[in-house]
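In what follows, a single structure is set out as structure tokens and then discussed.
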Amino acid sequence: MYSFIKKNRIYALLIPLILYWIILFIGTSLPSDHVSGMIEVSDKLKHFGAYFILAFLLSLNLYFQERWKNLAFSPFIYAFLACTIYGVIDELHQILVPNRSAEFLDWLADLSGSFVGVIFSALFLKYIKKNNSGLETN
């Protein structure tokens, strides 16, 4: 799986990240009365889950990218920082959206989801590196 992801980074990681980030931005740009009935889950859990996925995908993208060596050296730190900053920007952006507001606790949920997403991506990479055998053909 590791070598498959490495060879197919654009399709396996970059396109899903871009699509997900666009969907996330659109979702947070809609007035809350358009979004609230879609999924009946705690608001904080939605924030946690959204940023968990974002951090997971971003971490993997930064890890497998080859253009900027500094990003590949510490992909988890950079992904966490990017998600943290984006979370602040997103919360502030929601002040401008009808029926939405910026909440510190939402940002903490974003931050927590980002942290766990980064940790999960590191564990995932460790797992697929360790088990990089049988399924791959060279």
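Values quoted throughout were computed directly from the atomic coordinates according to the rules given, and no laboratory measurement underlies them. Treat the numbers as computed from the prediction; the structure is a model and nothing was measured. Cβ coordinates were reconstructed from backbone atoms using ideal geometry, including for glycine residues, and neighbour counts include every protein chain displayed.
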**Request:** List every residue pair whose Cβ atoms sit under 7 Å apart, with the two residues 6 or more apart in sequence or on different chains, where the first one lies in region 1-21 and is in contact (Cβ under 8 Å) with a residue 12 or more places away in the chain and the second, anywhere, is β-branched (V, I, T).
**Result:** M1/I128; Y2/I128; L13/I5; Y20/I53
**Options P98, P75, P16, P31: the member that is buried (at least 18 other Cβ atoms within 10 Å of the Cβ), out of contact with any Cys (no Cβ under 8 Å at 6 or more places or on another chain) and not polar (S, T, N, Q)** = P75
**Asked** Which of (1) touching a Phe, Trp or Tyr at 6+ places or on another chain (Cβ under 6 Å); (2) buried (at least 19 other Cβ atoms within 10 Å of the Cβ); (3) among the aliphatic types (A, V, I, L, M) is the odd one out, the single condition L58 does not satisfy?
**Response** (1)
**Failed item, numbered, when F73 is tested on (1) closer than 22 Å to F4 by Cα; (2) in contact (Cβ under 8 Å) with a residue 60 or more places away in the chain** = (2)
